[in-house]
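The structure appears right after this line, and notes come after that.
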């Protein structure tokens, strides 16, 4: 009987393992749908898609509930089977003991002792099903954690930063490539360029041409998957990621603001900055024009993801955050995409004044106005550099339609 109980437990564990994985996946889908719905509530309202999103969440909830119910039923079956085996064993011993007692082969005390010993022997085996369920759930959770732990580290194995600081910020890319995981084609292919400290560079190209990806690779957010990227003649992967991101500041077009005050958002990358530094950053970026009018000042609460600010105000605040601490290079990805012409011109004027002579600027844009502060243009298409040269020369080639 013990063999039957153990075999049943091990037979059911495969189904329990599969159901445990399914339950975790369904729960993740349900949580993801809820987070997306809350974060994109304005879009859902604008598209009149509240009902569709609610139905999706309900569908995931039904899937999760159905999987949990299957898991509970399977667990109950295993526990019931174990209890049934114990009861059948006890009944069989009592019946067999009765006939042996009638034949005078055994005493009543012996029968009681045998039944008690059998119950004590089978009880641990009866708990086996419950233990298997818990163990499978724990193993599923452990597998998920292990997948996270096994993600590659930002630093190469054995890599050591050979110098503590980036001195000048001279950049050289030789055959630089980058491909997103699972992508069939690389986003950057054979990029060759040189950026000297203090240059003002405009990065232009079609949508999805690789401009933002190049900025992320240069600023250390993505590691190159091919070729070589050097900073001050040293492989960029030898620098500590914090040092690289401190010297090269990336300001994305979807740069996040977080729930809290203006001060808390400005201090994200500079926890020790003084009030004077924060005020200077607001003034240099032009953000003081908006936030200086409120009585709350630095304590103004901007809402979740900056929801209480306009698109232009968010861009100014993100720019101010990038200027709190000095950086060798600023990479701005579509910084004026949410601004009208007047606000854009104000932003450009403040940006031009805020830049230090030796500070490099790379700006990715589709707006012509931003090109007035750059002296060099790089044209990228499908991850390849098509043209690189003085601004006026490249603009002339584009206007003449020379195939760029």
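With respect to (1) over 13 Å from residue 170 (Cα atoms); (2) out of contact with any helix residue (DSSP H, G or I) (no Cβ under 8 Å at 6 or more places or on another chain), the lone exception for residue 232 is condition (1).
Count, please, the residues in the range 329-366 that happen to be assigned to a helix (DSSP H, G or I) and either within 21 Å of residue 389 (Cβ to Cβ) or in contact with a helix residue (DSSP H, G or I) (Cβ under 8 Å, 6 or more places away or on another chain) (or both).
Within the range 329-366, the first condition is being assigned to a helix (DSSP H, G or I), and the residues that meet it are 341-354.
Filter once more, so that each one left must be either within 21 Å of residue 389 (Cβ to Cβ) or in contact with a helix residue (DSSP H, G or I) (Cβ under 8 Å, 6 or more places away or on another chain) (or both): 341, 343-348, 350-354.
Matching residues across the range 329-366 total 12.
When the range 244-272 is filtered for residues that are more than 21 Å from the chain's Cα centre (by Cα) and either farther than 25 Å from residue 307 by Cα or at pLDDT 90 or above (or both), the ones remaining, listed by number, are 247, 272.
Yes/no per residue for (1) modelled with pLDDT under 85; (2) surrounded by 12 or more Cβ atoms within 10 Å (Cβ to Cβ); (3) part of a helix (DSSP H, G or I); (4) on the phi > 0 side of the Ramachandran plot:
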{"residue": "42", "(1), (2), (3), (4)": "yes, no, yes, no"}
{"residue": "54", "(1), (2), (3), (4)": "no, yes, yes, no"}
{"residue": "58", "(1), (2), (3), (4)": "no, yes, yes, no"}
{"residue": "67", "(1), (2), (3), (4)": "no, yes, yes, no"}
{"residue": "79", "(1), (2), (3), (4)": "yes, yes, yes, no"}
{"residue": "90", "(1), (2), (3), (4)": "yes, yes, yes, no"}
{"residue": "98", "(1), (2), (3), (4)": "yes, yes, yes, no"}
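In the range 238-264, what residues are surrounded by 19 or more Cβ atoms within 10 Å (Cβ to Cβ) and over 13 Å from residue 323 (Cβ atoms)?
Initial filter on the range 238-264 (surrounded by 19 or more Cβ atoms within 10 Å (Cβ to Cβ)): 239, 244, 246-251, 257, 262.
Of everything in the range 238-264, those that are surrounded by 19 or more Cβ atoms within 10 Å (Cβ to Cβ) and over 13 Å from residue 323 (Cβ atoms) turn out to be 239, 244, 246, 247, 248, 250, 257, 262.
Residues that are surrounded by 12 or more Cβ atoms within 10 Å (Cβ to Cβ), at pLDDT 80 or above and under 21 Å from the mean Cα position of the chain (by Cα): does the range 190-197 have at least one? Break it down into steps so the answer makes sense when it comes.
Just the residues of the range 190-197 that are surrounded by 12 or more Cβ atoms within 10 Å (Cβ to Cβ), to begin with: 190-197.
If we keep only those that are at pLDDT 80 or above too, we end up with 190-197.
Add one more test, that the residue is under 21 Å from the mean Cα position of the chain (by Cα), and what stays is none.
Looking for residues that are surrounded by 12 or more Cβ atoms within 10 Å (Cβ to Cβ), at pLDDT 80 or above and under 21 Å from the mean Cα position of the chain (by Cα), one finds none in the range 190-197, hence no.
Can you find a residue in the range 131-142 that is modelled with pLDDT of 80 or more, under 30 Å from residue 77 (Cβ atoms) and surrounded by 14 or more Cβ atoms within 10 Å (Cβ to Cβ)? Within the range 131-142, not a single residue is modelled with pLDDT of 80 or more, under 30 Å from residue 77 (Cβ atoms) and surrounded by 14 or more Cβ atoms within 10 Å (Cβ to Cβ).
Considering each residue of the range 208-229, count those that are free of Cβ contacts under 8 Å to residues at least 60 places away in the same chain and farther than 18 Å from residue 251 by Cβ, and give that number.
From the range 208-229, those free of Cβ contacts under 8 Å to residues at least 60 places away in the same chain are 208, 216-217, 220-222, 224-229; that's our starting set.
Imposing the further condition that a residue be farther than 18 Å from residue 251 by Cβ reduces the set to 208, 224-229.
Looking only at that region, the number is 7.
Here residue 282 meets the list (1) surrounded by 16 or more Cβ atoms within 10 Å (Cβ to Cβ); (2) under 19 Å from the mean Cα position of the chain (by Cα); (3) free of Cβ contacts under 8 Å to residues at least 60 places away in the same chain almost entirely, failing just condition (2).
When 321, 305, 289 are screened for being at negative phi and at pLDDT below 85, only 289 passes. I need the full set of residues from the range 257-273 which are part of a loop (DSSP other than H, G, I, E, B) and over 18 Å from residue 246 (Cα atoms), in order please. Hits for the range 257-273 are 257, 258, 259, 260.
Kindly establish whether residue 200 is over 23 Å from residue 353 (Cβ atoms) and either in the same structural domain as residue 330 (by TED's automatic domain parsing) or surrounded by 16 or more Cβ atoms within 10 Å (Cβ to Cβ) (or both). Judged against the criteria, residue 200 is not a match. Pull up the range 298-314, narrow it to residues that are in contact with a strand residue (DSSP E or B) (Cβ under 9 Å, 6 or more places away or on another chain) and part of a helix (DSSP H, G or I), then point me to the one that is farthest from residue 349 (Cα to Cα). Ranking the qualifying residues of the range 298-314, first place goes to 299.
The values are calculated or read from the model by the stated rules, or taken from the named source; none is laboratory data. If you're wondering where the values come from, they're calculated on a predicted model, not measured in any experiment. Cβ: placed from backbone, ideal geometry, glycine included. Neighbour counts: every protein chain shown.
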